[in-house]
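For reference, the structure is listed below as structure tokens.
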Amino acid sequence: MNRFFWFVTPRKIEESERLRCLDELIYPDGSETKTLIQEADPVTLTLRAVCVGEEYDSDGNDLLIRTRYGLGRSELVERLHYCETNIEVGRWLGDFFNDIVFSVQDFQENAITIECLISEFKSSKLDDENTPNIFNAVRAASQSASVMFPLIGTWFGLATSALDLGAAIRDLGGVEEVMKQRLRLTRAKPKHATSVLQEGYYVCIQDHSKERRNPREWNLNRQLRLVTANQEEIKEISYAVYEIHKVFEKTGNWEVDGNVAQMAAILSKKNSGGAALDRMKSAMTGFLKYQRLDRAAELLNKPIRTPSEERLLNEFLADPQLRPFLEKLKS
């Protein structure tokens, strides 16, 4: 019988840190309350590590690793991280072609939802000579919007490098779930939320052994591997490690693509061709600029600003596209 757990540890790890319950403030003495996620903070969620400790295929596991996320009450958006065959049982994975789940410059919601999705390709067709080509196509197209965010390709009817990820998965016989666990973190005062939204490493654990073990006796070491109290690595269970950090990662058109994927999740119906995607991206780029300008004007008009709001306003003022408009508002 499978048992699932979520835990959190500090981001600063000397040798190893014990796993903590999600309602526990990492720094209870108050010296590091700045690690709590507040309104106007930058926030980035990153997948840092995965280990599958159960054998699903005698020749090695054939894995598809994804994350679904949602901000506030928004629809969940799927993000693809990894696709590979013949992974030995218990192997620690940390090199993903897409590791960032989402990154926002100005967090305004009350909660974040994270759903860890690790799947095993069913083996019925994986011996086919075309299988390596499909996996290579996924890796080659890994930086395209329709692979990073599969729903974009589905909604706009796109095929990247002649690849339809959903169709490719179906052609390979589909997948079976190794791990599918959801976590909702709430921006609230400690002891007033079951899962406090704060900086740290979040560990999702699946223990499928018959032995009743207590994960709270385990640690996460500085290499982001699960270890015992004696620092012995644990390889016989499955787990994923996510990081929440107060930083904004500026990575190309990622923010635009993420918002397009969010709109696709809401609309959830077909459109046609790349032209529709280009129009949506263009509109979203303009909308994001307007949204930031509107937010900057709001901050300028506030008589008292928090340190996070002051930092965000300074970032807006440093943006060459926004500065001319904001200078007029200030005068």
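Some notes on this structure:
- Output for segment 87-101, where each listed residue is part of a strand (DSSP E or B) and free of Cβ contacts under 8 Å to residues at least 40 places away in the same chain: Ile87
- Residues being farther than 16 Å from Leu322 by Cβ and either of a type in the set (Val, Ile, Thr) or touching a residue at least 60 places away in the same chain (Cβ under 8 Å) (or both) - total across segment 290-308: 3
- Only listed residue being in contact with a strand residue (DSSP E or B) (Cβ under 8 Å, 6 or more places away or on another chain) and modelled with pLDDT of 90 or more, chosen from Glu115, Glu120: Glu115
- Contacts under 6 angstrom Cβ, first residue in segment 195-212 being assigned by TED's automatic domain parsing to the domain that holds Val101 and under 12 Å from Tyr242 (Cα atoms), partner at pLDDT 95 or above and among the charged types (D, E, K, R), 6 or more apart: Tyr201/Glu243
- Candidate set from segment 221-241 (those that are surrounded by 16 or more Cβ atoms within 10 Å (Cβ to Cβ) and of a type in the set (Gly, Ala, Ser)); member that is nearest to Gly94 (Cα to Cα): Ala240
- The residues listed here are Glu78, Glu39; of these, the one that is surrounded by 14 or more Cβ atoms within 10 Å (Cβ to Cβ), touching a residue at least 24 places away in the same chain (Cβ under 8 Å) and not in a strand (DSSP E or B) is Glu39.
- Comparison of Glu115, Glu84, Glu54 shows that the only residue that is free of Cβ contacts under 8 Å to residues at least 60 places away in the same chain, within 25 Å of Gln223 (Cα to Cα) and surrounded by fewer than 20 Cβ atoms within 10 Å (Cβ to Cβ) is Glu84.
The values are calculated or read from the model by the stated rules, or taken from the named source; none is laboratory data. Just so it is clear, the structure is predicted and the values come from calculations on it, not from any experiment. Counting neighbours? That spans all protein chains shown, and the Cβs are built from the backbone with ideal geometry, glycine included.
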